[in-house]
Amino acid sequence: MIEQVLPPGVRVAELFADPEHTPDALFPQEATHIAKAVDKRRREFTTVRVCARAALGELGVAPVPLLPGVRGAPGWPAGIVGSMTHCDGYRAAAVARAADLASVGIDAEPHATLPDGVLGMITSESERRHLDGLARTAPHVHWDRLLFCAKEAVYKAWSPLTGGRWLDFLEADVAVDPLAGTFRARLLVPGDCPDGRVLTGFDGRWHVAGGLVVAGITVAV
């Protein structure tokens, strides 16, 4: 599923259900981090790390603890960039070598209308007009959820590049191409990065299938 929105060089792993985890599914540090969480959170946390280690294995990277860092972002091994996502019925991870890509951002969501009140909190008036036009063109797609998914991918691509800076939903203006399966996110705040890079926006891809919507962004070195 997630490979539909990422270039071939990115290694991915995904699961559509939580397997029966053995006690060694997590490293001790990970188990300690999640020890007090509710069962749903523990299952998400564990399965998405099973996916991440499988994806890392395709790059020849040995299993290591993947602990949450700034704002919950996963801490990847040196020389690796990546992203994780999970929602009901889906867990996935995508990784690449930092020599090949500067950042990866992925997100998955149920393909369903956003809960009441959410759309107004995450979109501008112009984005809502854009969504209205998309709905007239293809009413079978839940464009509000797709836009949310794209903005989540934007944040996950932005955060590691900017040293963990926060990016609000309203600080990126997203336009979706319904035919090409792509989107463009224009940043509305300064995108200065510690390495001297200046971000102005992101280009990504989206895909809808099997009751899910996924979005992916990769940033060149």
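Quick check on my filter: what residues within region 78-97 are of a type outside the set (Val, Ile, Thr) and crowded, with 16+ Cβ neighbours inside 10 Å?
Passing the criteria: Gly82, Ser83, Met84, His86, Cys87, Tyr90, Arg91, Ala92, Ala93, Ala94, Ala96, Arg97.
Among all residue pairs at least 6 apart or on different chains, which show Cβ distances below 6 Å where the first residue, located in region 208-221, is modelled with pLDDT under 95 and the second is polar (S, T, N, Q) and surrounded by 18 or more Cβ atoms within 10 Å (Cβ to Cβ)?
Hits for this filter: zero, empty list.
Name the residues in region 17-36 that are under 22 Å from the mean Cα position of the chain (by Cα) and surrounded by fewer than 15 Cβ atoms within 10 Å (Cβ to Cβ), would you?
Here is the first cut: in region 17-36, the residues under 22 Å from the mean Cα position of the chain (by Cα) are 17-19, 26, 30, 33-34.
Correct list: Ala17, Pro19.
Within the bounds of region 53-69, is there any residue that is in contact with a Gly (Cβ under 9 Å, 6 or more places away or on another chain), at pLDDT 95 or above and of a type in the set (D, E, K, R)?
No - not one qualifying residue is present in region 53-69.
How many residues does region 43-71 hold that are more than 19 Å from the chain's Cα centre (by Cα) and more than 11 Å from Ala25 (Cα to Cα)? Give the steps one after another, and end with the answer.
So in region 43-71, the residues more than 19 Å from the chain's Cα centre (by Cα) come out as 57-65.
Okay, now just the ones that are also more than 11 Å from Ala25 (Cα to Cα), so 57-62, 64.
Qualifying residue count for the region: 7.
Against the definition (of a type outside the set (S, T, N, Q) and farther than 24 Å from Pro7 by Cβ), how does Pro160 come out, yes or no? It would help to see each step written out before you state the result.
Working: of a type outside the set (S, T, N, Q): yes; farther than 24 Å from Pro7 by Cβ: no.
In short, no.
Given the criterion without any contact (Cβ under 8 Å) to a residue 40 or more places away in the chain and farther than 27 Å from Thr22 by Cα, identify the matching residue among Gly72, Gly117, Gly82, Gly57. Give the derivation first.
Details: Gly72 fails: farther than 27 Å from Thr22 by Cα; Gly82 fails: farther than 27 Å from Thr22 by Cα; Gly57 fails: farther than 27 Å from Thr22 by Cα.
The unique qualifying residue is Gly117.
Looking at this structure, is Thr200 over 25 Å from Ala92 (Cα atoms), of a type in the set (S, T, N, Q) and not assigned by TED's automatic domain parsing to the domain that holds Cys87? Outline the logic, then answer.
Numbers: over 25 Å from Ala92 (Cα atoms): yes; of a type in the set (S, T, N, Q): yes; not assigned by TED's automatic domain parsing to the domain that holds Cys87: yes.
Criteria met by Thr200.
Condition (residue is closer than 28 Å to Arg91 by Cβ, in contact (Cβ under 8 Å) with a residue 24 or more places away in the chain and touching a strand residue (DSSP E or B) at 6+ places or on another chain (Cβ under 8 Å)) applied to region 185-195: is it met by at least one residue? Before you say what the answer is, go through the steps one by one.
Restricting attention to region 185-195, the residues satisfying the condition of being closer than 28 Å to Arg91 by Cβ are 185.
Then drop every residue that is not in contact (Cβ under 8 Å) with a residue 24 or more places away in the chain, which leaves 185.
Keeping just the survivors that are touching a strand residue (DSSP E or B) at 6+ places or on another chain (Cβ under 8 Å) gives 185.
Yes, region 185-195 contains a residue that is closer than 28 Å to Arg91 by Cβ, in contact (Cβ under 8 Å) with a residue 24 or more places away in the chain and touching a strand residue (DSSP E or B) at 6+ places or on another chain (Cβ under 8 Å).
Which condition number does His21 fail, the rest of (1) out of contact with any Pro (no Cβ under 6 Å at 6 or more places or on another chain); (2) under 26 Å from Val214 (Cα atoms); (3) in a helix (DSSP H, G or I) being met?
Against the list (1) out of contact with any Pro (no Cβ under 6 Å at 6 or more places or on another chain); (2) under 26 Å from Val214 (Cα atoms); (3) in a helix (DSSP H, G or I), His21 comes up short only on (3).
The values are calculated or read from the model by the stated rules, or taken from the named source; none is laboratory data. Keep in mind that what you see is a predicted model, and the values were worked out from it rather than measured. FYI the Cβ positions are ideal-geometry reconstructions off the backbone, even for glycines, and counts take in every protein chain you see.
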